[in-house]
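First the structure, in the form of structure tokens, and then the observations on it.
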Amino acid sequence: MENQPTALSTSGLPTVPAIDLHVYRAGVIAGVLTFLAFVGVVKDIAVLLSPGERGELTWGFLSVRYTSLSRVWFGYRFVGETAWLAAAPHLLLYGASMVGLAGARRWGWYVAFAYVLYVPLSEWTYKFLYPLGYLSGQHYPDPVRWSEWIFLLISFPLELLAAWLLWWYRDVFVR
């Protein structure tokens, strides 16, 4: 941003510049997604530093569980050492989204938008491959399948909302 001289009103007091609400709201959305990407970065660093373990990171009211024992990419579940290795691309995506959105970079918007569209596709693919048993031929027990449905009912609208908001405010990021 350029430094502009402060205009004085007729009373001699500095005038307050008008706030562009469209840009402000885009910044709020970018801030929320940047924070989520930051949490993802911290979580994946913890995963890479503790191979073969599960854990929990807690910051006041926020608690994030992590595991290096399992990782999902494109709906396919990786376990063991491959799951640990699959944390690195997650770390790179979260880091790129965080830096790109915080810096209001065009490429940051593209990375974030592509990722928030990818996540629901991966979740639904996973749901059919594993809990419903289309890959293994054996479905998960009922309580696990119901918890997967509840998770999807909560996360899917939120992910679509994030994608829609990024699309709605794309003009702020993609100039």
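The values are calculated or read from the model by the stated rules, or taken from the named source; none is laboratory data. The structure displayed is predicted, hence computed values, not measured ones. Positions of Cβ are generated from backbone atoms using ideal geometry, with glycine treated the same way; all protein chains shown enter the neighbour counts. Only protein heavy atoms, including side chains, enter the accessible area calculation; ligands, DNA and RNA are left aside. Shrake-Rupley method; radii C 1.70, N 1.55, O 1.52, S 1.80 Å.
The criterion of at least 1 residues that are in contact (Cβ under 8 Å) with a residue 40 or more places away in the chain and open to solvent by less than 40 Å² (accessible area, probe 1.4 Å) is met by the following helices (runs of 4 or more DSSP H) wholly inside the stretch 23-135: 87-102, 106-129.
The rows are residues; the columns are (1) closer than 23 Å to LEU158 by Cα; (2) out of contact with any helix residue (DSSP H, G or I) (no Cβ under 7 Å at 6 or more places or on another chain); (3) among the β-branched types (Val, Ile, Thr).
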position	(1), (2), (3)
ARG65	yes, yes, no
PHE78	no, yes, no
GLU81	no, yes, no
GLY100	yes, no, no
VAL111	yes, no, yes
TYR130	yes, yes, no
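Pairs linking a residue in the stretch 138-162 that is assigned to a helix (DSSP H, G or I) to a residue that is open to solvent by 80 Å² or more (accessible area, probe 1.4 Å) and not aliphatic (A, V, I, L, M), with Cβ atoms under 7 Å and 6 or more positions apart or on different chains, are ARG145/HIS139. If I filter the stretch 54-69 for residues that are under 17 Å from the mean Cα position of the chain (by Cα), more than 18 Å from THR34 (Cα to Cα) and at pLDDT 85 or above, do I get at least one hit? No, because not a single residue in the stretch 54-69 is under 17 Å from the mean Cα position of the chain (by Cα), more than 18 Å from THR34 (Cα to Cα) and at pLDDT 85 or above.
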